[in-house]
Every structure is written in structure tokens, then in C-alpha cells.
1. Determine, for Thr86, Thr77, Thr54, the number of other Cβ atoms within 10 Å of each Cβ, and report the residues in order from fewest to most.
2. Spin-label point model (7 Å from Cα, Cβ direction): what's the Asp151 to Asp25 distance in nm?
3. What nm value, rounded to one decimal, do you get for the distance between Asp83 and Ala113 when each label is placed 7 Å out toward the C-beta?
4. How charged is the neighbourhood of Gln94? Take every other residue with its Cβ under 10 Å from the Cβ of Gln94, and add Lys/Arg as +1 and Asp/Glu as -1.
5. Mind sorting Leu117, Leu97 by how few other Cβ atoms lie within 10 Å of their own Cβ, fewest first?
6. Within 13 Å, Cβ to Cβ, of Thr34, how many net charges do the neighbouring residues add up to if Lys/Arg are +1 and Asp/Glu are -1?
7. For Asn158 paired with Ala65, estimate the spin-label separation in nm (one decimal), with each label point 7 Å from Cα along the Cα-to-Cβ line.
8. Classify the range 1-58: rounded, prolate or oblate, from the alpha-carbon gyration tensor (a ≥ b ≥ c, eigenvalue square roots; a/c under 1.5 rounded; otherwise prolate if a/b is larger than b/c)?
Amino acid sequence: MNIHQMSVNYAERQDRLMLRVNTQDGQEFRLWLTRRLTGRLWPHLQACVIQLETRNPQVMVSDPAAQHMLTELQRETFLEKADFKTPFASQAMQLPLGEEPILVTDVQLNMHANGALNVVFQDLSGDGASGRSCQLSLQSSLLHGLLHLIDQAMQQANWRLEVPAQSVPNDALDASTPTRPTYSH
């Protein structure tokens, strides 16, 4: 899937975040992220962006403080270049998951050797609409963008879910592990 645009907005009546992803071939994926799921996922996404940024052999750093500084520098560079002003285009020709957003109950994170994070959002709730999923392959720049959008939406929601990235176990970030743990709602 070639991502064209991403949007994360707080839906006050639902008390959820709506993640919308447009692809370059005219598809739109709509996902609900609950507060609980977002709170559990947030530190892992932050740890993954640090891992992606520090994988470059030319800038390898082992010190956690230096890793955080490098990641912050890369984030600032990305945010300066990113276009957050263009409105999200909601004229998608295809809605592969349907008109209604799926309620994300499970997320799988897999780090690939090519420098991308594979994120699988799934609805495994057990109702008639369950079993639907959306898979995103995010390079570090897209992950920075997604984190920025989620952070803005969490601030709007007044969720205050900030969890330090250091709270993620180091073994959960082991790049040699082919599959990453599942984070359930």
C-alpha cells in the first residue's frame, strides 16, 4: 500500500481517535483507536521510531540518551518538511474495510531489515464485522508523522497518556525477532 495521506482526529462523542489513511490508488482505510489501545501502543511506536532512526550504520549509537537525541533531531527535521496544512482528501473511490471504521482491538508490530515498520491493525472483537485488518508499512518519516498526528489528537482529547519510551522492555525491540508481540485492546 502506497500511503498518500494520514489523518488522526479525536471524535468526542466516541471518545476515540479516528485514524484515516488514503492510498495513492484511491483507497481509504478508517480505523477507531480507543484510549486504552492508544495508551498501550504509544510507547512501542516511540521505541520503534528510535530503533528505525538508529539503524543507519553511519550513525549507529548505543547510548540511549544519544539515541533519543538523534531521534528528536530526525523528528524535528521531518516536521519542518512535512505538509500538515493540506486538508485530508476524503473522496476515496474505494473503502476496502467498509464505510464504518473498524474498531482496532489488536496491533502487531514487525520491524523489517529494510528499515520499515510493519503495523497490522486488526478487529478481533468477535462480532459479525470482526476479522478485518489493515496493514501499513511505515518508513521512519511516516512513523514520525503518525506519532505527531496521534500526539496532537491525544492533546485535543486531553488524554495525557505520555509514557516514557524507556518503559518498553529492550527485548521487545530486538530486531532479530522476526515477529513482534501483539498488543491487544
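1. Thr86, Thr77, Thr54
2. Placing both labels 7 Å beyond Cα along the Cβ direction yields 3.3 nm.
3. With each label point 7 Å from Cα toward Cβ, the separation is 3.5 nm.
4. For residues surrounding Gln94, the net value is -2.
5. Taking fewest neighbouring Cβ atoms as first place, the list is Leu97, Leu117.
6. Local net charge: +1.
7. 3.7
8. In terms of gyration-tensor shape, oblate.
Laboratory data are not the source of any read-out in this text; all were calculated from the coordinates shown. Just so you know, these numbers come straight off a predicted model, no measurement behind them. FYI the Cβ positions are ideal-geometry reconstructions off the backbone, even for glycines, and counts take in every protein chain you see.
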